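Following: one structure in structure tokens, then a few remarks.
The values are calculated or read from the model by the stated rules, or taken from the named source; none is laboratory data. Worth saying up front: this structure is predicted, and the values here are computed from it rather than measured. Methodologically, a virtual Cβ is constructed for each residue, glycine included, from the backbone with ideal geometry; neighbour enumeration extends over all protein chains shown.
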Amino acid sequence: MLQNNAFSQEYTHADTLRGSITPERAWWDVMRYDISVTPDFDKKYTAGYNNITYKVIQEKHPDRMQIDLQQPLAIDSIVYDDSRSLNFSREGNVYHVETPVQTMGSEHQVKIYFSGKPHEAVRPPWDGGWSFSRDEKGRPWMTVTCQGLGASIWYPN
């Protein structure tokens with residue numbers, strides 16, 4: 001006979017951050033992602049940016065926003081409205097980005113530059129991550145699967 005806790009799972013603080021609409025996520029609404037990624041097949045390395053256009057949807061909100069990007073990828077820098085760099089800190093696979101005062105209804109952009117050696121999928125498409133392979137003619141072929149792990153396995157969001 002199985003007990004009730006036989007299939008229970010211990011959830012961590014990291015699970016809560018990535019799996020919840022935190023106060024740092026709730027005040028802004030993504031309007032558009034402009035993603036640019038340059039993979040290096042030989043080094044199994046990627047670099048790029050995600051220019052996120054968003055709208056402020058809460059009058060009173062934290063002075064930080066949450067951005068997810070899974071290790072071993074890392075955020076290099078963040079530019080706000082094409083004019084100033086923003087400070088940020090990392091907590092596992094979550095970044096806390098310090099933002100200036102913004103009024104409800106206003107639209108802004110954060111351009112997030114990132115790079116690193118991405119997580120490689122072990123059994124794609126069931127296991128998420130990047131796949132580096134060659135086609136039948138020996139040409140480099142790269143793709144990413146992220147249904148289970150989420151898009152933050154390959155770009156900041």
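The selection criterion, being modelled with pLDDT under 95 and among the hydrophobic types (A, V, I, L, M, F, W, C), does not hold for Val110. Any residue in the range 94-117 that is within 11 Å of Trp28 (Cα to Cα) and hydroxyl-bearing (Ser, Thr, Tyr) sitting within a Cβ distance under 6 Å of a residue that is at pLDDT 95 or above and assigned to a strand (DSSP E or B)? List the pairs, counting only those 6 or more apart or interchain. These pairs meet every condition: Ser106/Val56. Where strands (runs of 3 or more DSSP E) sit wholly within the range 40-91, those with at least 1 residues that are of a type in the set (D, E, K, R), within 29 Å of Ala121 (Cβ to Cβ) and touching a strand residue (DSSP E or B) at 6+ places or on another chain (Cβ under 9 Å) occupy 64-68, 74-80, 88-91.
Restricting the range 4-35 to residues that are surrounded by 14 or more Cβ atoms within 10 Å (Cβ to Cβ) and part of a helix (DSSP H, G or I), the residue that is modelled with the lowest pLDDT is Leu17.
For the range 122-157, a residue qualifies if it is in contact with a helix residue (DSSP H, G or I) (Cβ under 9 Å, 6 or more places away or on another chain) and either of a type in the set (Asp, Glu) or crowded, with 17+ Cβ neighbours inside 10 Å (or both), and the qualifying residues are Gly128, Gly129, Trp130, Val144, Thr145, Cys146, Ser152. When we screen Tyr80, Tyr54, Tyr113, Tyr95 for residues that are of a type in the set (Ser, Thr, Tyr), more than 19 Å from Ser152 (Cβ to Cβ) and surrounded by 14 or more Cβ atoms within 10 Å (Cβ to Cβ), the only hit is Tyr80.
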